[in-house]
Amino acid sequence: MDEKLREAGVWNLQMLVDWLGLPPRMQLMKEGLDAPADLYRKLAVRVASAHLGSVGLGLVETGPDLYEVVLRPEADWRDAAYYLGHWANLRAGRMVVNDPEELLRRDALSGAKRDFADYREAVLGNLALLAIPPDSGEEQAPARAFRAALEAALEVEKVRHAA
């Protein structure tokens, strides 16, 4: 089910959390950061949208805990393919994508031959390039940003309740 959603450019909250390597809500609660579910959801979506922004994409809510990957107003799908190609080169530590058109013919992460119909499909099919590896050791930037935003939001709530 998740794979069909991902291919359509629609992600649920759990997919976003896993994709970015964000700490699960229950783990945060055990650590004393008792965030309401709504706050956790909002912050996770904002961090994910900002991460997608590095390639000209963003998220819009399409249903309860469903978010569609869309272009930002100033971008187009070919631009997003170009930026994803750059990410592929960074991840590989060498040149693996010379031109955005290469993403139409193959999977940039595995090198497997693909036949994407258009740049939108190619971009959505290669978003794994932006995923944060789960076994990368230390907490990555999106998870750190998420945790900092959550701590700040909880402090604001404390001040509001005290006033």
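The values are calculated or read from the model by the stated rules, or taken from the named source; none is laboratory data. Remember, it's a predicted structure, so these values are computed and weren't measured experimentally. Cβ atoms come from the backbone with ideal geometry, glycine included; neighbour counts cover every protein chain shown. Side chains included, ligands, DNA and RNA excluded: accessible areas come from the protein's heavy atoms. Shrake-Rupley method; radii C 1.70, N 1.55, O 1.52, S 1.80 Å.
Only Lys, Arg, Asp and Glu count, each charged at its Cβ (+1, +1, -1, -1), so figure out the dipole size of the range 17-163 about its Cα centre, rounded to 20 debye.
180 debye
Quick check for you: with a 1.4 Å probe and neighbouring chains kept, what is the accessible area per residue of the range 1-60, in Å²? Don't jump to the answer; show the numbers that get you there.
On the way: 2990 Å² over 60 residues.
Accessible area per residue, the range 1-60: 50 Å².
If you roll a 1.4 angstrom probe over the protein chains with everything in place, what fraction of the accessible area of the range 40-152 belongs to carbon and sulfur, to the nearest %? That share works out to 51 percent. Bridging of Lys42 to lysines at a Cα separation below 29 Å is possible for Lys4, Lys30, Lys158, once same-chain residues fewer than 8 apart are set aside. Remark on the range 1-72: hydrodynamic radius 12.6 angstrom, per the Kirkwood mean of 1/r across alpha carbon pairs.
Span-like helices, the chain: DSSP H, alpha-carbon axial extent 30 Å or more, mean Kyte-Doolittle -0.5 or greater, which ones?
Passing helices, by number: 141-162.
Highest mobility in the GNM of the chain, judged by mean-square fluctuation with C-alpha springs under 10 Å and restricted to Gly58, Gly93, Gly21, is found for Gly93. Only Cα pairs within less than 10 Å get springs; with that Gaussian network setup on the chain, which residue of Gln27, Gln14, Gln140 has the largest fluctuation? For the chain, modelled as a Gaussian network with Cα springs under 10 Å, the answer is Gln27. Annotation note: GluC sites (Glu not before Pro) in the range 1-54 located in DSSP loop regions with a Cβ neighbour count of at most 13 within 10 Å are Glu31. Label positions at His161 and Glu61, each projected 7 Å from the Cα along the C-beta direction, are separated by 2.2 nm. For Glu7, neighbours were defined as the other residues whose beta-carbon sits under 15 Å from its Cβ, and their charges (Lys and Arg +1, Asp and Glu -1) total -3. Largest mean-square fluctuation among Ala80, Ala152, Ala122, in a Gaussian network model of the chain whose springs join Cα atoms under 10 Å apart, belongs to Ala152. Just so you know, the Rg over Rh for the range 1-146 is 0.98, from Cα atoms, with Rh as the Kirkwood radius. Summarised as an ellipsoid, the range 39-84 has semi-axes of 21, 11, 7 Å, derived from the eigenvalues of the Cα gyration tensor scaled by 5 and square-rooted, with the largest first. Size estimate for the range 87-157 follows the Kirkwood approach: the inverse of mean 1/r over distinct Cα pairs works out to 14.4 Å.
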